[in-house]
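Accompanying notes for the structure given below.
The values are calculated or read from the model by the stated rules, or taken from the named source; none is laboratory data. In this text the structure is predicted, and so the values were computed from the model without any measurement. Quick reminder, even Gly has a Cβ in these numbers, built from the backbone with ideal geometry, and neighbours come from all protein chains shown. Accessible surface areas use protein heavy atoms only, side chains included; no ligands, DNA or RNA. Shrake-Rupley method; radii C 1.70, N 1.55, O 1.52, S 1.80 Å.
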Amino acid sequence: MVFPQTLRYKAMPKNRIHIYTHESFPTRGGIASYCHEFARAAAAMGHAVHLHAPKTATPHRGGQQYQVIPGRSAGNHGILALLETRQLLKENLNQHPEDLHFLAEPGPIIAYGMLSPKQTDNANCYLTLHGSEINKWRTFSLQSIAARRALHKATAICTVSTPVRSLAGKAFPRLANKLRVVSNALPADYRSIAPTGHQTRIQSNQLNILSVGRIHPRKGYHEVITALSKLPLTIRNVIQYTIAGAEKDHRYLKQLKQLAAQHEITLYFQLNPSDSELSKNYALADLFTLTSVHYKHSVEGFGLVYLEAGAHELPCLAYDIG
């Protein structure tokens, strides 16, 4: 994980860092992985790290270097969860004004914007923008008002990629001097992977295609199925397409099954996979594809799974977005 410029120097005094998130393990997603890697990297630099997470949070394997503090929040962006995170921020800012406070995703950012100016005047607060929330906060709503307040009060604003920084700069031009690109990096767990190699992975009578991500129209799984439907039936018969990810949209899941059946495509789902199940899927795959598309306000900010696939020496097929 690459840090903001102010966190990068070894000579910097050791700080206590508070990370706030509404998504954490055992939920396995981009935000949970992002927070885990950030917390572990900061702890490795000698900082005391407190990860403030939903009430269901559990320590991730390899995350013993930092402290996971389950809160009262249910881990969503409902008003009750936002109010609970607001109260947590208020208490921590009062008790530890000299600490660094890191808002890792939209929920805590909105909650921070709900605080009064007196409670945030001297706060050393960083936040991260991942992409989709930028478009949502362009529209008028109570949450977008709070989010904009948080952006203006932040010490610095991290973005996960250059396209996300560009999107944020166009949406909030007055904040351009606060924007930093803090690129995602390969999770530390993948350094120990010994890939099996493409040649030993391919079976003579089957080609395994894998996509990884939550079941959501933005991920563009229907694009892959539509592309496969253009192939001759003799080729389709030797292709197995697997989608591994959290079940977020049951209607879209049903649509994908119907589309695959219509075109005689072998489609498997690995819903809510564990780390070991996901590693097995990567190991068995011959090709990784994630053809994310723009969907309403939702955009693909980075895509950690492309890096995971690369660690397994998989060729990756993607669209030129995010």
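So which of E300, E308, E247 ends up being under 21 Å from L186 (Cβ atoms), among the charged types (D, E, K, R), in contact (Cβ under 8 Å) with a residue 24 or more places away in the chain and not in a helix (DSSP H, G or I)?
Working: E308 fails: not in a helix (DSSP H, G or I); E247 fails: under 21 Å from L186 (Cβ atoms).
Just a single option satisfies the conditions, and that option is E300.
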Which residue pairs have Cβ atoms under 7 Å apart, sit 6 or more places apart or on different chains, and have a first residue in region 73-95 that is open to solvent by 20 Å² or more (accessible area, probe 1.4 Å) and a second that is assigned to a helix (DSSP H, G or I)? A74/A81; G75/A81; H77/P106; H77/G107; R86/A111; K90/Q119
Which of the residues spanning region 252-275 are open to solvent by less than 80 Å² (accessible area, probe 1.4 Å) and either basic (K, R) or part of a strand (DSSP E or B) (or both)? T266, L267, F269, Q270, L271
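Scan region 280-305 for residues that are surrounded by fewer than 18 Cβ atoms within 10 Å (Cβ to Cβ) and out of contact with any helix residue (DSSP H, G or I) (no Cβ under 9 Å at 6 or more places or on another chain) and report the count.
Our first condition is that a residue be surrounded by fewer than 18 Cβ atoms within 10 Å (Cβ to Cβ); within region 280-305, this holds for 280, 283-284, 286, 293-297.
Those left that are additionally out of contact with any helix residue (DSSP H, G or I) (no Cβ under 9 Å at 6 or more places or on another chain): 280.
Going through region 280-305 one residue at a time, the tally reaches 1.
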Inspect all residues belonging to region 230-238 and state whether any of them is farther than 29 Å from G131 by Cβ, modelled with pLDDT of 95 or more and among the basic types (K, R). yes
Which one is surrounded by the most Cβ atoms within 10 Å (Cβ to Cβ), of the residues in region 51-72 that are under 14 Å from T27 (Cα atoms) and not hydrophobic (A, V, I, L, M, F, W, C)? H60
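Looking only at residues that are of a type in the set (F, W, Y) and in contact with a Cys (Cβ under 9 Å, 6 or more places away or on another chain) in region 258-306, which one is nearest to G29 (Cα to Cα)? Talk me through it step by step, then tell me what you get.
First, pick out the residues of region 258-306 that are of a type in the set (F, W, Y): 268-269, 282, 288, 295, 302, 306.
So of that shortlist, the ones also in contact with a Cys (Cβ under 9 Å, 6 or more places away or on another chain) come out as 288, 306.
Details: F288: 18, Y306: 13 Å.
Residue satisfying both the conditions and the ranking: Y306.
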Can you name the residue in region 137-168 that is in a helix (DSSP H, G or I) and hydroxyl-bearing (S, T, Y) and, of all such residues, is most open to solvent (accessible area, probe 1.4 Å)? T162
How many of the residues in region 205-238 are under 22 Å from the mean Cα position of the chain (by Cα) and in a strand (DSSP E or B)? 3
